[in-house]
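Here's the structure, in C-alpha cells; my notes come after.
Nothing in this text is a laboratory measurement; each read-out follows from the coordinates by a stated rule. None of these values were measured; they are calculated from a predicted model. When we count neighbours, we look across all protein chains shown, and the Cβ atoms used for this are built from the backbone with ideal geometry, even at glycine.
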Amino acid sequence: MRRPLLPALRRLLTHSVVQGAGPFALLVLLWTLVAALEIYPRNFFPGPLEVLRAFAGLVYKGVLPTYLQDSVTRLAVGAGVGVLVGIPLGLLIGLHPASYRFFWPLIIFFQAIGDIAWLPILLIWFGFTLTTMTFIIVYTVIFPMIFNAALGVRTVPMEMIRAAQSLGATRWRILGEVIIPGALPNIITGLRTGLGYGWRALIAAEIIVGTSGIGFMMFDARRSGSVVEMILGMIVLGVLWYLVDAGMLRPAERATIERWGLVRQAP
C-alpha cells in the first residue's frame, strides 16, 4: 500500500506550485532567522509573524482590500488603454516603412521622457485624480508594447509571407495567420514587460499623488514609522504580480506561442 504513494508524492513535489514556493520558503526562513537574532531592532526589521498580524488587522478593518481594489482597478484601466493603443500602433510601424519613418522619431523622443517627469504638469492639468495616474500607467505601458510589436513584425521571415502569397492568401489572411502569430512571442514579451513597468509606475504615482492604494498605504505608513506596513505592502505587490504572471500571462503563452510551436516550453 505504501508503494503507490511514492509516485503521487513525487508528482506533488515536482508540481509547479510546490517548486515555485520553494525559494520563498527559504527566504521566509532566512527572514525569520535574522529577525529572531535581532541584528536590527524589531521596530526597524519586523519578523514574518508581525507582518502576518498586520495583514490580518488591515484585512479585518477593510483597509487592505479597499486599497488593493483601487490599485488593481487603476492598473487594469491604464494597462488596457496602453495595450489597445500600443499593439496596433506597433503593428502599423512594423508593417509600413512610411509609418515607421513618421512615428519612430516621436516615439524615441517621448520614450526618453520618464513617466514621473510628467507628474508636475499633470498635477496642474488634472490634479490628484484618477486621470493623472491613468496617464502615467498608459505612458509607461505603451512603449514596450509598441517596440515589441514592431520588432515582432519585422522579424517574421519574408519566406513565410511569400509562401502565403503564392498560395493565394489575401493581405488580411497573411496579417491574421502569418504576421500576427509570428510576432506574438514579441507581443507577449511586450505585454509582460509593459504590465510590470505599469505596476511599478502605479505604485510610484500612488506614493506621490494618491489618496488610496497600496503605494499610498506604504507611503502613509512612514508617518507613524510603521515598517511592518511598508514590508507588508511590498509583499502584497510581489504576490499580486506573481499571481498575475502565473494566472494570466503564462496561460496566454501556453495557449498561443507554445501551442503553435513558436517557442520551446521551459523545462
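The separation of the range 219-248 from the range 104-138, counted between C-alpha centres, amounts to 24 Å. Peptides 136-142, 25-31, 209-215 ranked from most to least packed, by the mean per-residue count of other Cβ atoms within 10 Å: 136-142, 209-215, 25-31.
Size descriptors for the range 97-144: radius of gyration and Dmax over Cα atoms are 12.8, 40 Å. Here the relative contact order of the range 79-261, from alpha carbon pairs under 8 Å that lie six or more residues apart, stands at 23 percent.
Extension gain for Glu38-Phe55 works out to 4.0 nm (0.36 nm per residue, less the C-alpha to C-alpha distance).
Screening the chain for DSSP H helices whose Cα atoms reach 27 Å or more along their own axis and whose mean Kyte hydropathy is at least 0.0 gives 16-37, 63-95, 130-154, 180-209. Extension gain for Glu159-Phe24 works out to 44.0 nm (0.36 nm per residue, less the C-alpha to C-alpha distance). Descending by average beta-carbon neighbour count within 10 Å, the peptides 232-239, 34-41, 62-69, 85-92 line up as 85-92, 232-239, 62-69, 34-41, the highest first.
When the Cα convex hull of the chain is projected onto planes of every orientation, the mean area is 21.1 nm². Please report the relative contact order for the range 183-252, taking Cα pairs under 8 Å with a sequence separation of at least 6, and give it as a percent rounded to a whole number. Rounded, it is 23 percent for the range 183-252.
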